[in-house]
1. Does any residue in the stretch 11-34 that is in contact (Cβ under 8 Å) with a residue 24 or more places away in the chain and on the phi < 0 side of the Ramachandran plot come within less than 6 Å, Cβ to Cβ, of a residue that is in a loop (DSSP other than H, G, I, E, B) and surrounded by 11 or more Cβ atoms within 10 Å (Cβ to Cβ) six or more places away or on a different chain, and which pairs are these?
2. Against the condition under 10 Å from the mean Cα position of the chain (by Cα) and closer than 12 Å to Leu14 by Cα, how does Arg37 come out, does it pass?
3. Could you tell me which residue of the stretch 45-63 is modelled with the lowest pLDDT, considering only residues that are closer than 13 Å to Ser31 by Cβ and hydrophobic (A, V, I, L, M, F, W, C)?
4. Hey, could you check the stretch 4-44 for residues that are within 15 Å of Glu60 (Cβ to Cβ) and acidic (Asp, Glu) and say which is modelled with the lowest pLDDT?
5. Which of (1) assigned to a loop (DSSP other than H, G, I, E, B); (2) modelled with pLDDT of 90 or more is the odd one out, the single condition Met1 does not satisfy?
Amino acid sequence: MTSQQSALTDFSALERGQQITLRHHTGNQFSGVLEDRADDASVVWIRLDDGAGRRLFHHEDGYVVGG
């Protein structure tokens with residue numbers, strides 16, 4: 001993983017209630033509102049758009065934060 005990817009997968013700058021999109025190199029993409037974040041920023045819970053439920057993402061899952 002490059003240092004640029006590490007910075008992008010650092011969830012510590014994200015805030016509860018923030019609208020975010022997480023993208024994976026395989027083309028998978030998830031958008032929604034950040035509901036919660038672990039104190040160490042290792043995981044985030046996202047309430048997905050369009051009523052698609054809630055999903056947990058770990059910083060090592062390979063997703064990067066996009067706009």
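The values are calculated or read from the model by the stated rules, or taken from the named source; none is laboratory data. Remember, predicted model here, so these are calculated numbers, not experimental data. Note that we place each Cβ from the backbone using ideal geometry, even for glycine, and neighbour counts take in every protein chain shown.
1. From residues that are in contact (Cβ under 8 Å) with a residue 24 or more places away in the chain and on the phi < 0 side of the Ramachandran plot, the pairs are Phe11/Ala41; Phe11/His59; Ser12/Ala41; His24/Gly62.
2. Values: under 10 Å from the mean Cα position of the chain (by Cα): yes; closer than 12 Å to Leu14 by Cα: yes.
Here the answer is yes, as Arg37 does meet what is asked.
3. Per the criteria, the residue is Ala52.
4. Ranking the qualifying residues of the stretch 4-44, first place goes to Asp10.
5. Every condition holds for Met1 apart from (2).
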